[in-house]
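First comes the structure, then the notes that go with it.
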Amino acid sequence: MSRTLRFISISHKTASVSKREEYHISDCEKNSLIELIHNAYPDIAGLFLLTTCNRTEIIIESSETTAVELRNFLVNYKKRNLALDKNLFNLSNSTEGTVKHLLEVSSGLASSIVGDAEIIHQIRKAHQLAIANQLQGSILERAMQTVFKSHKRISNETEFRDGTTSVAYKSLKMISDTFGKGHRQSKKILFIGAGDIVKQLFKYNSKFDYNDIYISNRTEENAILLAKRYGCSFYPWEKVLQNEFSGFDVLISAASNCHRLINNIENDNRKLLLIDLALPSNINKALIQQSNVTLYDLDTISVGLENTRERRNASISKVDKINEEELLGFSDWYREAPLREFLAEHKILVNKKVKAYYKANGIKEDATEITQSTNRVMRKLIKHFEEPLKTDELDTIIAEQIF
């Protein structure tokens, strides 16, 4: 096959946060950048663009355009210094090397947090963007199906996808584990704080869809801003200071420099889940003595996360093996591509010539016999597919296969 998969990548492995920010591509500029690249390099039949907080990846399916040309284009597009920044990129002009890289990225092996469960969703979005721009390409599309098959196998055959190493995700999952999936949507939840952990809580809530969330923070403007952004309700800080939590089922507290912020919970026999993600702690541990209270802190959550990490680390060799097997399957398909092209190109011609041979020799046409004769000729032609076949040679093969 004349086209090749190639990639360029700038990630946490090669560049600092500030440098990665310079090459981040926002959602609003992705379509215009894809159009610019395609117009600059018309030989590109497939283009896959992935951007996350840790990486920017571009994969192309092209007959001529190289990874170096693509890198230089991106550097110029971002108005950066090529001499200074060119070594921040990993790149390859090998189809199999590109697919191997894509499998490592999509499986989470190349993530800053090994086993990152978010990356496959971002991969799917990037794939949909390629399709929307009619730039999925035949080889690129096969590579994506290889990725999705590998992801499914990793999920089904290993513990690599079990759990997460994020305390925010783990905290939200505890709500479901505590109250049960059937009742979790009805629970009233309060996030206390407006820092990174609380922002992660909102981010991961897209997976849980808790819809009765309140937020409170010492600087009320920050809480109100997050409440508007994520469509939740504001809860006054004064009420938190007064420990007024009537009606809430879950409190997740991550306020900085607020030791023993929560000391009193009204004991109304209502089941209450307390999760303390602050250091120093926000919640008085003595509250666990109340029969209606369940309390988790960073230590208890960390035990679960460490178990998750150990299971993931134990699964890495299995993930590597699955990726290797799927890469081998892709490689077999890719190596057979010239033969498939040859067969597709010649089968219509052979079928016409077989029919012409029947007519010229006064043989009554029979659809089944013509199909069988065509298939016999095609099997014979496979031995010649790497070199051009002359017309008289094809006629001879047809005559041999019919009689």
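The values are calculated or read from the model by the stated rules, or taken from the named source; none is laboratory data. Fair warning: this is a prediction, and the values are worked out from it, not measured in the lab. Cβ atoms come from the backbone with ideal geometry, glycine included; neighbour counts cover every protein chain shown. All accessible areas refer to the heavy atoms of the entire protein, side chains included, with ligands and DNA or RNA removed. Shrake-Rupley method; radii C 1.70, N 1.55, O 1.52, S 1.80 Å.
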**Prompt:** Within segment 377-399, restricting attention to residues that are part of a helix (DSSP H, G or I) and over 13 Å from Lys353 (Cα atoms), which residue is modelled with the lowest pLDDT?
**Reply:** His384
**Prompt:** Taking segment 243-286 as the region of interest, how many residues are buried (at least 19 other Cβ atoms within 10 Å of the Cβ), aliphatic (A, V, I, L, M) and more than 18 Å from Lys187 (Cα to Cα)?
**Reply:** 7
**Asked** If Arg3 passes every condition in (1) within 30 Å of Glu324 (Cβ to Cβ); (2) under 24 Å from the mean Cα position of the chain (by Cα); (3) of a type in the set (Lys, Arg) but one, which one does it miss?
**Response** (2)
**Message:** Considering only residues that are open to solvent by 40 Å² or more (accessible area, probe 1.4 Å) and either out of contact with any helix residue (DSSP H, G or I) (no Cβ under 8 Å at 6 or more places or on another chain) or free of Cβ contacts under 8 Å to residues at least 24 places away in the same chain (or both), which ones fall in segment 99-115?
**Reply:** Ser112, Ile113
**Prompt:** When residues of segment 216-230 are filtered for being open to solvent by less than 30 Å² (accessible area, probe 1.4 Å) and within 20 Å of Ile283 (Cβ to Cβ), how many remain?
**Reply:** 3
**Fill in**
Conditions (1) outside any helix (DSSP H, G or I); (2) without any contact (Cβ under 8 Å) to a residue 12 or more places away in the chain; (3) over 31 Å from the mean Cα position of the chain (by Cα) -> Ser246 fails only (2)
**Prompt:** For segment 116-134, what are the residues that are open to solvent by 10 Å² or more (accessible area, probe 1.4 Å) and not polar (S, T, N, Q)?
**Reply:** Asp116, Ala117, Glu118, His121, Arg124, Lys125, His127, Leu129, Ile131, Ala132
**Asked** In this structure, is Ser92 under 23 Å from Ile44 (Cα atoms) and touching a helix residue (DSSP H, G or I) at 6+ places or on another chain (Cβ under 6 Å)?
**Response** yes
**Request:** Filter segment 175-215 for residues that are open to solvent by less than 20 Å² (accessible area, probe 1.4 Å), more than 20 Å from the chain's Cα centre (by Cα) and at pLDDT below 90 and give the result.
**Result:** Ser176
**Prompt:** Just for strands (runs of 3 or more DSSP E) wholly inside segment 35-141: which have at least 3 residues that are closer than 30 Å to Val167 by Cβ?
**Reply:** 55-62
**Message:** Tell me yes or no: at least one residue of segment 88-98 is surrounded by fewer than 18 Cβ atoms within 10 Å (Cβ to Cβ) and in contact with an Asp or Glu (Cβ under 9 Å, 6 or more places away or on another chain).
**Reply:** no
**Complete:** Residue hits (segment 143-158; buried (at least 19 other Cβ atoms within 10 Å of the Cβ), in a helix (DSSP H, G or I) and either at pLDDT 95 or above or over 11 Å from the mean Cα position of the chain (by Cα) (or both)) are Ala143, Met144, Thr146, Val147, Ser150, Ile154
